[in-house]
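What follows is a single structure, written as structure tokens, with notes after it.
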Amino acid sequence: MPQTTPQIAIIGSGPAGYYTAEAAQKQWGQDVRIDIFDRMPVPYGLIRSGVAPDHQSVKGVSRRYETVSLSGHVRFIGHVAVGSDVSVEELLELYDAVVLATGAPGDRKLDLPGATLGNVFGSAALVGWYNGHPEFASLAPDLSGKHAVVIGNGNVALDVARILAKTQDEFTGSDIVGHALEALTASRLESVTILGRRGPHQIAMTPKELGELAHLERAVPHVDPAHLPPVEEDAALDPGLRKSVQLLRKYASETPEEGVGFPVNFAFYTAPRALVGDASGKVHAIEVERTTLVDGKAVGTGELRRLPADLVVSCIGYQTSPIAGVPYNEMRGRFANEEGRILPGLYCVGWARRGPSGTIGTNRPDGFAIVDRIAQDLAGAALTKPGGDGFDALVAERGLDVITFRDWQKIDAAEVARARSNAPREKIIDVDGMIGIAHT
Ligand code: NAP
């Protein structure tokens, strides 16, 4: 029987996906059917696998997404990879609108000599490892060296530096996975250096995240006062950045005692140029060049030096994974789109639309904007697509092992039940394990 309500497929169950579903519910009320797909058997994308495990209050937003999932006309369809289990073309045949909310799960490539040496990781891999993402659970970073170097001056660099600097007790209440907690507890690291190719006025670190460093048990932020621009120049900064820079000024004014605590060194005007390995093929140093700012850009001065680096984590941004048949903007690392429209019936939202920027909350207006566009495009159109019923037929035909929201609730309960004391959950870190629980 032909449908009379819009049939919407949302690909990706992270913040952008769920805010889009919420917006569609506001737009059409009960008169819409929404299927939210995820390649993982578990929902919430970045909230589960990207947000730092010690930022539980941020992760609390998943309760809002749960409410959306539990409303009658929304389904979670996990463990279905769009692009391989089902193609975008097939989904476009089935649904009135297909919205790619697939985020930016891949690392921007660190294009340097030595980037493939051992113990050099992108942030997606390292963050995935301590957050229990099945793809990265077996990463096993070697933390037996003394010095870690984190490349980049954004919030992910801060997350990584903080996690490496924390003591075991400081993970109380977090959902860091057991294997990572064990490795970090046994870590022999003695310092982290955060490399910024530009200066303090060009950081992408927000005050709350930067301020956290001042309240850690053993981490001691080190900022070289010589790197700070004249204080009068702070007036021109936007208020958030000004606050961050004020924190850096405070850190610079507090001369840390030599040899005390765990230094978190901010190395500004320092661009990475090459990674240097030892005989075993593992990184042990990083060659850097002092830079100067020319028209806001970092320009090398020719002054090179080597910093010890037993572990290197590149936190230089993320990119969306391409999907067969979907136009892609290589330079921007996201789908080619005009205000979220890709092709007739095909849309993108969140990081898949605009690249990896903004906070979790930025995705909410994004979700509402894309639903507005879909509503404009569908106005007056005959809604004849089979939607979820058509997809269910395809599942039966292909024998896909689909995970429902009820299945996820079983996985969720199992993770909560096996949590160590003072932890909200112990994540299942392999897809087979998740599916096994879902099918009990
Ligand atoms: P980001 O904010 O874009 O920062 C990337 C950093 O990498 C920039 O400092 C950039 O420097 C540097 N970089 C890029 N290419 C480089 C290269 N080749 N060599 C050296 N440095 C390079 O990205 P992000 O830290 O991955 O964060 C992504 C988004 O998630 C952001 O919106 C962030 O705020 C958000 N996030 C938020 C939180 C939170 O609120 N707690 C936590 C994590 C992430 P230039 O500026 O010089 O290009």
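The values are calculated or read from the model by the stated rules, or taken from the named source; none is laboratory data. Since the structure is predicted, the reported quantities are computational estimates derived from the model, not experimental observations. Note that we place each Cβ from the backbone using ideal geometry, even for glycine, and neighbour counts take in every protein chain shown. Heavy atoms of the whole protein, side chains included, go into the accessibility calculation; ligands, DNA and RNA do not. Shrake-Rupley method; radii C 1.70, N 1.55, O 1.52, S 1.80 Å.
Please go through (1) open to solvent by 30 Å² or more (accessible area, probe 1.4 Å); (2) touching a helix residue (DSSP H, G or I) at 6+ places or on another chain (Cβ under 6 Å) for residue 180 and return the number of the only condition it doesn't satisfy.
Against the list (1) open to solvent by 30 Å² or more (accessible area, probe 1.4 Å); (2) touching a helix residue (DSSP H, G or I) at 6+ places or on another chain (Cβ under 6 Å), residue 180 comes up short only on (1).
Which of the residues belonging to the stretch 234-266 are within 30 Å of residue 188 (Cβ to Cβ) and over 30 Å from the mean Cα position of the chain (by Cα)?
Correct list: 254, 255, 256, 257, 258, 259, 260.
Give me the pairs: first residue in the stretch 200-225 and open to solvent by less than 30 Å² (accessible area, probe 1.4 Å), second residue aromatic (Phe, Trp, Tyr), beta-carbon distance under 7 Å, and six or more apart or on different chains, which are they?
200/268; 219/262; 221/251; 221/266; 223/251; 223/266
When the stretch 44-97 is examined, which residues are found to be surrounded by 17 or more Cβ atoms within 10 Å (Cβ to Cβ), under 21 Å from residue 23 (Cβ atoms) and of a type in the set (Lys, Arg)?
75
If you scan the stretch 307-354, which residues turn out to be at positive phi, open to solvent by 10 Å² or more (accessible area, probe 1.4 Å) and within 20 Å of the chain's Cα centre (by Cα)?
First pass over the stretch 307-354, keeping only residues at positive phi: 317, 325, 333, 339-340, 345, 350.
This time we only want the ones that are open to solvent by 10 Å² or more (accessible area, probe 1.4 Å), so: 317, 325, 339, 345.
Once the filter is applied, which keeps residues that are at positive phi, open to solvent by 10 Å² or more (accessible area, probe 1.4 Å) and within 20 Å of the chain's Cα centre (by Cα), the stretch 307-354 yields only 317.
Please return the ranges of strands (runs of 3 or more DSSP E) entirely within the stretch 288-379 where 1 or more residues are in contact with a Leu (Cβ under 7 Å, 6 or more places away or on another chain). Before the answer, list the steps.
Details: elements: 297-308, 311-314, 341-343, 346-348.
Per the criteria, 311-314, 346-348.
Having 2 or more residues that are over 23 Å from residue 311 (Cα atoms) and charged (D, E, K, R) is the bar; report the helices (runs of 4 or more DSSP H) wholly within the stretch 151-234 that clear it. Steps first, please.
Numbers: elements: 155-165, 178-185, 207-212.
Per the criteria, no element qualifies.
Among 383, 400, which is assigned to a loop (DSSP other than H, G, I, E, B), among the hydrophobic types (A, V, I, L, M, F, W, C), more than 28 Å from residue 104 (Cα to Cα) and in contact (Cβ under 8 Å) with a residue 12 or more places away in the chain? Step through it out loud before you land on a result.
Details: 400 fails: more than 28 Å from residue 104 (Cα to Cα).
Exactly one residue qualifies, and that residue is 383.
Within the stretch 266-282, take every residue that is of a type in the set (Gly, Ala, Ser) and under 30 Å from residue 253 (Cα atoms) and give me the one that is nearest to the ligand (Cβ to nearest atom). So that I can check it myself, show each step before the final result.
As a first pass, look at the stretch 266-282 and keep what is of a type in the set (Gly, Ala, Ser): 267, 271, 274, 277, 279-281.
Remaining after also requiring under 30 Å from residue 253 (Cα atoms): 267, 271.
Values: 267: 11, 271: 6 Å.
The qualifying residue nearest to the ligand (Cβ to nearest atom) is 271.
If residue 248 satisfies every condition in (1) more than 14 Å from the ligand (Cβ to nearest atom); (2) farther than 27 Å from residue 49 by Cα; (3) in a helix (DSSP H, G or I); (4) open to solvent by less than 50 Å² (accessible area, probe 1.4 Å) but one, which is the exception?
(1)
Might you let me know whether the stretch 122-144 holds any residue that is more than 14 Å from the ligand (Cβ to nearest atom) and part of a strand (DSSP E or B)?
So the first thing to find is which residues in the stretch 122-144 are more than 14 Å from the ligand (Cβ to nearest atom), and the list is 129, 132-144.
Add one more test, that the residue is part of a strand (DSSP E or B), and what stays is none.
Checking the stretch 122-144: not a single residue is more than 14 Å from the ligand (Cβ to nearest atom) and part of a strand (DSSP E or B).
Which of the helices (runs of 4 or more DSSP H) found entirely inside the stretch 1-110 contain at least 2 residues meeting this: over 30 Å from residue 172 (Cβ atoms) and under 18 Å from the mean Cα position of the chain (by Cα)? Let's see the steps before the verdict.
Numbers: elements: 15-28, 45-49, 56-59, 62-70, 88-94.
Result: 15-28.
Name the pairs whose Cβ atoms lie under 9 Å apart, with the first residue in the stretch 270-295 and over 16 Å from residue 313 (Cα atoms) and among the acidic types (Asp, Glu), the second within 16 Å of the ligand (Cβ to nearest atom) and open to solvent by less than 30 Å² (accessible area, probe 1.4 Å), and 6 or more positions between them or separate chains?
289/270; 289/271; 289/272
For residue 227, state whether it is under 26 Å from residue 358 (Cβ atoms) and either within 30 Å of the chain's Cα centre (by Cα) or in the same structural domain as residue 195 (by TED's automatic domain parsing) (or both). Even if it seems obvious, please write down each step before you answer.
Values: under 26 Å from residue 358 (Cβ atoms): no; either within 30 Å of the chain's Cα centre (by Cα) or in the same structural domain as residue 195 (by TED's automatic domain parsing) (or both): yes.
Considered against the rule, which asks whether it is under 26 Å from residue 358 (Cβ atoms) and either within 30 Å of the chain's Cα centre (by Cα) or in the same structural domain as residue 195 (by TED's automatic domain parsing) (or both), residue 227 comes out as no.
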